[in-house]
Amino acid sequence: MKGPVLQVAGLRKVFQRGGFLLGKRDENVAVHDMSFALLPGKTLAIVGESGSGKSTTARLAMRLLDADLGEISWAGTPVMALSGGQLRKHRKRIQMVFQDPFASLNPKMKIVDTVAEGLRVHQPHLSAATRAEKVKQTLALCGIGEEAMNRYPHQFSGGQRQRIGIARALIVEPDILVLDEPVSALDVSVQAQVLNLLKDLQQQKGLAYLFISHDLSVVQHIADDVLVMFAGHVVESGSVDQVFHRPQHPYTQSLLDARPINHPNERKSALEIKADEGVAKTGCVFALRCPVVQVDCSSFDMQLNNGCACLHPLTKG
């Protein structure tokens, strides 16, 4: 397929807080006017602090949550209006690998049954022997041997469980994997192994990845393009090289500054983010926390994606 395998346009999701018993109802805009396109064989990473809207965006893209506004297409098929059997027919195109490999597997199910679950839903005509053979091949592709098929999740390490989770997602041969913090619960050495597995699988199968993470070192290793989110808004987007080496927004710079220093001589910018004072209602949503805020920030158009003028003095030095 030459066009995007996943495309969203104008996506918006608002959660209501409070209610009749608590009095006043407040609105929390979790995702505001989100748009992006994901091409085959590419990885788009969404980064930001906790509560920025990353995971909500992923669940909206998968139709695990219903958006209030916007359009979503999987491999060119609009899916916002689909439901029931129609939605299930197309759902095999997009699968998710969850953050916690300990909680995402049913402890009462053998691995062979867990991985085969997608086949029972999307290819019910397959015989038990054929399903078992496909499970064996898919597990082997993810580095898990045949002897593991009749074991239970508690008999595996965290890294092995995540490999099983990846196999469960791959078994229905999707076009897209949504990876929601897939290595954050793993040791650093195991993280590298799982990330290398994901890159190998992408090359072999031409998979597209929507990669959700707060770890910029991981994102720099695996992604092609990056969306930076703050308070439900995209404040910056671009290629990995552009975002990491030529950031155009102070929030992006603050995320880069928060990374651990690899060498004592490594220098960081002079940005010191203000304490959390909420989200600006007009202009740049980051203005209340920005250390270099200017008058023009109150009228900044978040959709232009051409960088904040307030960051330019920092980049000149």
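The values are calculated or read from the model by the stated rules, or taken from the named source; none is laboratory data. For clarity, every value in this text was computed on a predicted model and none was experimentally measured. Cβ sites come from the backbone with ideal geometry, for glycine too, and all protein chains shown count toward neighbours.
The residues listed here are Ala45, Ala58, Ala30; of these, the one that is under 16 Å from Tyr209 (Cβ atoms), assigned to a strand (DSSP E or B) and of a type outside the set (Ser, Thr, Tyr) is Ala45. Here Ile144 clears all of (1) among the β-branched types (Val, Ile, Thr); (2) surrounded by fewer than 19 Cβ atoms within 10 Å (Cβ to Cβ); (3) outside any helix (DSSP H, G or I) except the condition numbered (2). Within the stretch 64-101, the only residue that satisfies the criterion of being modelled with pLDDT of 95 or more and at positive phi is Gly70.
The residues of the stretch 11-51 that are at pLDDT below 95 and at positive phi, listed by number, are Gly18, Gly19, Gly23, Asp33, Gly48, Gly51. Scanning for something touching a residue at least 12 places away in the same chain (Cβ under 8 Å), in contact with a Cys (Cβ under 9 Å, 6 or more places away or on another chain), within 25 Å of Gln123 (Cβ to Cβ) and among the β-branched types (Val, Ile, Thr), does the stretch 178-198 turn up at least one residue? Among the residues of the stretch 178-198, not one is touching a residue at least 12 places away in the same chain (Cβ under 8 Å), in contact with a Cys (Cβ under 9 Å, 6 or more places away or on another chain), within 25 Å of Gln123 (Cβ to Cβ) and among the β-branched types (Val, Ile, Thr), which makes the answer no. Could you tell me which residue of the stretch 100-126 is farthest from the chain's Cα centre (by Cα), considering only residues that are buried (at least 20 other Cβ atoms within 10 Å of the Cβ) and under 25 Å from Lys54 (Cα atoms)? Among them, the one singled out is Leu105.
Would you confirm whether any residue within the stretch 249-262 is over 25 Å from Val188 (Cα atoms), assigned to a loop (DSSP other than H, G, I, E, B), β-branched (Val, Ile, Thr) and modelled with pLDDT under 80? Checking the stretch 249-262: not a single residue is over 25 Å from Val188 (Cα atoms), assigned to a loop (DSSP other than H, G, I, E, B), β-branched (Val, Ile, Thr) and modelled with pLDDT under 80. Kindly provide the set of residues from the stretch 83-115 that are among the acidic types (Asp, Glu) and part of a helix (DSSP H, G or I), ordered by number. Asp113, the sole residue that qualifies.
For Pro124, the stated conditions do not hold, so it cannot be described as touching a residue at least 60 places away in the same chain (Cβ under 8 Å) and not basic (Lys, Arg).
Working carefully through the options Ile176, Ile166, Ile171, find the one that is modelled with pLDDT of 95 or more, within 13 Å of Phe98 (Cβ to Cβ) and of a type in the set (A, V, I, L, M). So the residue among Ile176, Ile166, Ile171 that is modelled with pLDDT of 95 or more, within 13 Å of Phe98 (Cβ to Cβ) and of a type in the set (A, V, I, L, M) is Ile166. The residues of the stretch 241-255 that are surrounded by fewer than 19 Cβ atoms within 10 Å (Cβ to Cβ), closer than 16 Å to Leu44 by Cβ and either within 12 Å of the chain's Cα centre (by Cα) or free of Cβ contacts under 8 Å to residues at least 24 places away in the same chain (or both), listed by number, are Asp241, Gln242.
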